[in-house]
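Visitor: Please read through the structure below; I'll follow up with questions.
The values are calculated or read from the model by the stated rules, or taken from the named source; none is laboratory data. Nothing here was measured: the structure is a model prediction, and the numbers come from that model. Every residue, glycine among them, receives a Cβ derived from its backbone with ideal geometry; neighbour counts consider all protein chains shown.
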């Protein structure tokens, strides 16, 4: 926390980014192929500043937050991706400079900006028959 000129508390709020994911894969019947599902999510990446004392002597807030989710299915890695962003920048300030309008300032809010996309990937790994035979009897690592 930092003290401002007007002795108000100016702090960064929500400093942690939440990230999570899980996946599951299994062998297809009597095959060296694996099929699986994977989910990844990131929420609230950005900053939230509270109680900013502005040059106009007012107190305001500012924030930018980004969220992303990705779902991947199957052998070929077909993915559905969704993201959105939200921004608020000193909403309580509006200053119009009549003699020089280029030096005017207005707070703004950006909300409802989102997009979804489809993506596919295809990958292959070449292994020797001997390694495959030995791997069926021992521990396995799976990457999807």
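Visitor: Can you spot a residue in region 27-38 that is farther than 29 Å from residue 82 by Cβ, in contact with a helix residue (DSSP H, G or I) (Cβ under 7 Å, 6 or more places away or on another chain) and surrounded by 11 or more Cβ atoms within 10 Å (Cβ to Cβ)? Write out each step before concluding.
Guide: Of region 27-38, the ones farther than 29 Å from residue 82 by Cβ are 27, 29-32.
With in contact with a helix residue (DSSP H, G or I) (Cβ under 7 Å, 6 or more places away or on another chain) added as a condition, the list becomes 32.
Next, from what is left, pick out any that are surrounded by 11 or more Cβ atoms within 10 Å (Cβ to Cβ): 32.
Yes, region 27-38 contains a residue that is farther than 29 Å from residue 82 by Cβ, in contact with a helix residue (DSSP H, G or I) (Cβ under 7 Å, 6 or more places away or on another chain) and surrounded by 11 or more Cβ atoms within 10 Å (Cβ to Cβ).
Visitor: Does region 67-75 include one or more residues that are farther than 30 Å from residue 27 by Cβ, without any contact (Cβ under 8 Å) to a residue 60 or more places away in the chain and in a strand (DSSP E or B)?
Guide: Within region 67-75, one or more residues are farther than 30 Å from residue 27 by Cβ, without any contact (Cβ under 8 Å) to a residue 60 or more places away in the chain and in a strand (DSSP E or B).
Visitor: So residue 126 ticks every box in (1) at pLDDT 85 or above; (2) within 34 Å of the chain's Cα centre (by Cα); (3) in a loop (DSSP other than H, G, I, E, B) but one. Which box is left unticked?
Guide: Checking residue 126 against (1) at pLDDT 85 or above; (2) within 34 Å of the chain's Cα centre (by Cα); (3) in a loop (DSSP other than H, G, I, E, B), the one that fails is (1).
Visitor: Now, a different point. Residue check: is residue 47 modelled with pLDDT under 90, on the phi > 0 side of the Ramachandran plot and in a strand (DSSP E or B)?
Guide: No; evaluated as a whole, the condition is false for this residue.
Visitor: Next question. Checking residue 62 against (1) over 25 Å from residue 111 (Cβ atoms); (2) touching a residue at least 24 places away in the same chain (Cβ under 8 Å), only one condition comes out false. Which one?
Guide: (1)
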